[in-house]
1. Within the stretch 179-202, how many residues turn out to be over 16 Å from the mean Cα position of the chain (by Cα), closer than 18 Å to L154 by Cα and surrounded by fewer than 17 Cβ atoms within 10 Å (Cβ to Cβ)?
2. So for the stretch 146-158 (the condition being touching a residue at least 12 places away in the same chain (Cβ under 8 Å), over 24 Å from A61 (Cβ atoms) and surrounded by 13 or more Cβ atoms within 10 Å (Cβ to Cβ)), does at least one residue qualify?
3. Which residues, counting only those in the stretch 144-182, are outside any loop (DSSP other than H, G, I, E, B), within 22 Å of P45 (Cβ to Cβ) and not polar (S, T, N, Q)?
4. Considering (1) assigned to a helix (DSSP H, G or I); (2) over 22 Å from F174 (Cα atoms); (3) of a type in the set (D, E), say which one D118 fails and leave the rest.
5. Please pick out the residue among G119, G177 that is touching a Gly at 6+ places or on another chain (Cβ under 7 Å), modelled with pLDDT of 95 or more, more than 20 Å from A76 (Cβ to Cβ) and not aromatic (F, W, Y).
6. Looking only at residues that are under 12 Å from E89 (Cβ atoms) and among the aliphatic types (A, V, I, L, M) in the stretch 3-33, which one is nearest to the chain's Cα centre (by Cα)?
Amino acid sequence: MLKFYLVRHGESAWNQLQLYTGQRDVPLSALGQAQAERVANALAPIPFAEIYVSPLQRALATAQPMARAQQLALTADARLAEIHHGSWEGHPTALIRQQYAPDYFLWQTHPQQAQMPDGESLQDVARRVRSFLQETLIKHARGNLLIATHDAVLRVMLLEMLRMNLEYFWRWRFDNGSVSVVERLADGAFRLATLNDCHHLEGAFVNCETQAL
């Protein structure tokens, strides 16, 4: 069986400030670094065939403790980068809600129809994710894969795996440092085994609902 261990990066400096981050290359906060170590400790018993990671430093830094522990190189892939929030990047939700009211309302209610001003749509992210999955499934038939990436990418990836429409984008929750597991069955279908597991983050948990998403 092929298993995907999907990890959302640890808390970033801008998560802490509740700013839209998108593809801005923001580092982990001190708490985010602690979360990365917690993830590595929790997944230490699992042998990974490969570790795929977004090239943004908050994802790279989240995966590095696991890579060191398992003596694996990180495979950075631009298709795993966060959705490009365009003009929203670097700004808090309150400002976006005020200055981009129609776009923000659409994003929150019908995300599959939203186009980030000067940025991406969920269809753009889905194309990247679909390409990544198709290539990865050709390369790996069984074993364990770790994928360290971002909130929007994880939401879209899970929808792609479970053959669900993008309108269900907000039905998932991925906290910083969380681990979700998806299994690929013999018939090629995917099965969700674990969603947003945060038990390893006791004392280092951050509620993602406080963030700009």
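The values are calculated or read from the model by the stated rules, or taken from the named source; none is laboratory data. Computed from a prediction, not measured in an experiment: that's the story for all the values here. Don't worry about glycine lacking a Cβ; one is built from the backbone with ideal geometry, like all the others, and counts go over all protein chains shown.
1. 4
2. Going residue by residue through the stretch 146-158, those that are touching a residue at least 12 places away in the same chain (Cβ under 8 Å) are 146-158.
Going one step further and asking which of them are over 24 Å from A61 (Cβ atoms), we end up with none.
Within the stretch 146-158, not a single residue is touching a residue at least 12 places away in the same chain (Cβ under 8 Å), over 24 Å from A61 (Cβ atoms) and surrounded by 13 or more Cβ atoms within 10 Å (Cβ to Cβ).
3. Of everything in the stretch 144-182, those that are outside any loop (DSSP other than H, G, I, E, B), within 22 Å of P45 (Cβ to Cβ) and not polar (S, T, N, Q) turn out to be L145, L146, I147, A148, V179, V181, V182.
4. Condition (1) is where D118 drops out.
5. Going through G119, G177 in turn, the sole match is G119.
6. Start the filter on the stretch 3-33 by keeping residues that are under 12 Å from E89 (Cβ atoms), which leaves 14, 19-26.
Checking which are among the aliphatic types (A, V, I, L, M) leaves us with 19, 26.
On the way: L19: 17, V26: 15 Å.
For the stretch 3-33, the residue satisfying everything is V26.
Yes or no, residue by residue, for (1) closer than 21 Å to N15 by Cβ; (2) assigned to a loop (DSSP other than H, G, I, E, B); (3) not hydrophobic (A, V, I, L, M, F, W, C):
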| residue | (1), (2), (3) |
| --- | --- |
| A61 | yes, no, no |
| Q64 | yes, no, yes |
| R68 | no, no, yes |
| I83 | yes, yes, no |
| Q123 | no, no, yes |
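Quick grid of which residues meet (1) under 20 Å from the mean Cα position of the chain (by Cα); (2) of a type in the set (A, V, I, L, M):
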site	(1), (2)
S54	yes, no
A63	yes, yes
M66	yes, yes
T75	yes, no
G86	yes, no
P102	no, no
F105	no, no
Q113	no, no
Q123	yes, no
